[in-house]
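Since the structure comes first, as structure tokens, the remarks are kept for the end.
The values are calculated or read from the model by the stated rules, or taken from the named source; none is laboratory data. Since the structure is predicted, the reported quantities are computational estimates derived from the model, not experimental observations. Glycine also receives a Cβ, built like all others from the backbone with ideal geometry; neighbour counts cover every protein chain displayed. Quick note on the areas: whole protein, heavy atoms, side chains included, nothing else; ligands and nucleic acids left out. Shrake-Rupley method; radii C 1.70, N 1.55, O 1.52, S 1.80 Å.
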Amino acid sequence: LSARVVVVGGGFGGATAAKYLKRNAPDLDVTLIEPNKVFYTCPFSNLVLAGMRTMDSISHNYNELRELGVRVVHTTAQDVDPVSRTVSLGDGSSIRYEKLLLSPGIDIRWNAIEGYDQAAAEQAPHAWKAGDQTRLLRRQIEAMDDGGVFVLTAPANPFRCPPGPYERASLVAHYLSQHKPRSKVLILDAKDNFSKQGLFMQGWKDVHGDRIEWVGLSGDGKVTRVDAGKREVETEFGTIHKASVLNVVPPQKAGFIADRAGVTNESGWVPVDPVTFESTQVKDIYVVGDATIAAPMPKSGFAANAQGKVAAAAIIAALEGQRPLEPSWANTCYSLINPEYGISVAAVYRIQEGLIHESSGGVSPSDANATFRKLEADYASGWYSAITQDTWG
Ligand code: FAD
């Protein structure tokens, strides 16, 4: 089977797809376009913020993919022409494809919250893409005065990693409890319900007492304006909150290359055929990961990895003139309340009447004992090692 497949994005979805394309069809010509030589995972970046892990421990490179025979090109895909089936690259060259797979992750919707633009993110980091933003937020947390307030603003659905803001609040609270015990965490939320809410709230009460305060939409939690210089936010009904450290998790959309390829719809995300993850709008372009509309699957690294494998198999089937297999996917999202206390949500998804459905799943028991919570924290580390090994080697 000789054909050229181009993969854009070397994160959870793209690196997995490139690897499984080459593994399952070694004669395929697979090129991976990714600007960064080192990829820092968002999973476990909250542990870096809390001083529980180093940046080095969440970094991965592309050596194993190269050894497998994937051609890795470190540049940005700038544009896609679906008619000539060409991707133009940041280095001025271009590359032709027979099948194109995009896994560009998210872009921030700058100015969706008044005052929150790229410059503001240098003072009030989002740290919703890992790397320099993670380092910046970590430095700010370390420099925070004891007695200060860490303010985290959380967006409405859909967004990358539904439990992510609440795990971050938990682990920042853990760090503060050890190093700045008079400090607090305030979550200002643009919604009234969030992932694993019951378990988080119980965990906060058990472990963090009243250190973490959460204000939902109906309690005036929706932030509409940010003044990054003053580290102030204003809510929908005009309340001003002053932060010592301000972490804005802003509204998001699919990475820009999805727009350029013409695969996004008016929502800013990418509709796909759930069996193959081929775009419903442009033929021969497959999209996986956070950029897609794949609900009820969450925007998680676990899901992106699973979708990458499904799309890789579907691309090989299409090139061989075969029908795609009917896929099923699994997802587990672990979150830590502190290093000893893990919780999770897990599900299996199948196709039903042409759509993705959750066929079984659930969350950690609410009455679990300390041993069980500790075990789930251990499973989280095991999951991290396994998924990063599967994705980057
Ligand atoms: P990414 O992994 O972000 O990869 C996208 C890649 O595409 C990037 O490397 C980028 O450089 C590249 N790219 C973008 N545009 C272009 C272009 N034009 N040309 C070339 N390359 C391009 N998920 C879990 O499953 N478990 C967790 O515990 C978990 N914890 C999280 C904690 C936090 C704080 C956050 C923010 C997220 C967490 N996630 C977790 C979610 C997870 O990070 C994402 O769901 C996952 O990264 C999505 O994979 P992706 O391939 O869609 O995007």
| Which residues, counting only those in the stretch 145-184, are of a type in the set (Lys, Arg), touching a residue at least 40 places away in the same chain (Cβ under 8 Å) and open to solvent by 40 Å² or more (accessible area, probe 1.4 Å)? | Arg160
| Among residues of the stretch 187-216, those that are without any contact (Cβ under 8 Å) to a residue 60 or more places away in the chain and either open to solvent by 60 Å² or more (accessible area, probe 1.4 Å) or not small (Gly, Ala, Ser) (or both), counted | 16
| query | What number of residues within the stretch 21-59 satisfy the criterion of being among the aliphatic types (A, V, I, L, M), free of Cβ contacts under 8 Å to residues at least 60 places away in the same chain and touching a helix residue (DSSP H, G or I) at 6+ places or on another chain (Cβ under 7 Å)? | reply | 2
| request: Could you please let me know if Arg225 is in a strand (DSSP E or B) and surrounded by 15 or more Cβ atoms within 10 Å (Cβ to Cβ)? | output: yes
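Take the residues in the stretch 269-292 that are assigned to a loop (DSSP other than H, G, I, E, B) and in contact with an Asp or Glu (Cβ under 8 Å, 6 or more places away or on another chain); name whichever of them is least open to solvent (accessible area, probe 1.4 Å). It would help to see each step written out before you state the result.
To start, the set of residues in the stretch 269-292 that are assigned to a loop (DSSP other than H, G, I, E, B) comprises 269, 273-277, 280-284, 288.
Now restrict to residues that are in contact with an Asp or Glu (Cβ under 8 Å, 6 or more places away or on another chain): 275, 280, 284.
Working: Val275: 37, Thr280: 87, Asp284: 11 Å².
Applying the filter and picking the extreme gives Asp284.
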| note | The lone condition Lys374 fails out of (1) within 22 Å of the chain's Cα centre (by Cα); (2) at negative phi; (3) open to solvent by 40 Å² or more (accessible area, probe 1.4 Å); (4) in contact (Cβ under 8 Å) with a residue 12 or more places away in the chain is (1)
| query | If you take the residues in the stretch 123-144 that are assigned to a loop (DSSP other than H, G, I, E, B) and within 17 Å of Gly51 (Cβ to Cβ), which one is farthest from the chain's Cα centre (by Cα)? | reply | Met144
| query | Among (1) in contact (Cβ under 8 Å) with a residue 24 or more places away in the chain; (2) closer than 30 Å to Asn338 by Cβ; (3) open to solvent by 50 Å² or more (accessible area, probe 1.4 Å); (4) within 13 Å of the ligand (Cβ to nearest atom), where does Gln78 come up short? | reply | (2)
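Table: residues versus (1) among the basic types (Lys, Arg); (2) at pLDDT 95 or above; (3) over 22 Å from Ala304 (Cα atoms); (4) part of a strand (DSSP E or B).
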| position | (1), (2), (3), (4) |
| --- | --- |
| Gly13 | no, yes, no, no |
| Pro43 | no, yes, no, no |
| Arg53 | yes, yes, yes, no |
| Glu67 | no, yes, yes, no |
| query | Given (1) near the ligand (Cβ under 10 Å from one of its atoms); (2) within 17 Å of Ile387 (Cα to Cα), where does Val8 come up short, assuming only one miss? | reply | (2)
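Do we have Val83 as within 19 Å of Ser279 (Cα to Cα) and either out of contact with any helix residue (DSSP H, G or I) (no Cβ under 6 Å at 6 or more places or on another chain) or near the ligand (Cβ under 8 Å from one of its atoms) (or both) here? Break it down stepwise before answering.
Details: within 19 Å of Ser279 (Cα to Cα): yes; either out of contact with any helix residue (DSSP H, G or I) (no Cβ under 6 Å at 6 or more places or on another chain) or near the ligand (Cβ under 8 Å from one of its atoms) (or both): yes.
Here the answer is yes, as Val83 does meet what is asked.
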| Residues that are in contact (Cβ under 8 Å) with a residue 60 or more places away in the chain and open to solvent by less than 50 Å² (accessible area, probe 1.4 Å), drawn from the stretch 60-69 | His60, Tyr62, Leu65
| Residues satisfying the stated conditions in the stretch 95-122, i.e. surrounded by 15 or more Cβ atoms within 10 Å (Cβ to Cβ), over 24 Å from the mean Cα position of the chain (by Cα) and assigned to a strand (DSSP E or B) | Ile95, Lys99
| Selected residue (criterion: nearest to the chain's Cα centre (by Cα)) from residues of the stretch 253-311 that are without any contact (Cβ under 8 Å) to a residue 60 or more places away in the chain and near the ligand (Cβ under 9 Å from one of its atoms) | Ala303
| Out of (1) open to solvent by 40 Å² or more (accessible area, probe 1.4 Å); (2) part of a loop (DSSP other than H, G, I, E, B); (3) not hydrophobic (A, V, I, L, M, F, W, C), what's the single condition that is false for Ser57? | (2)
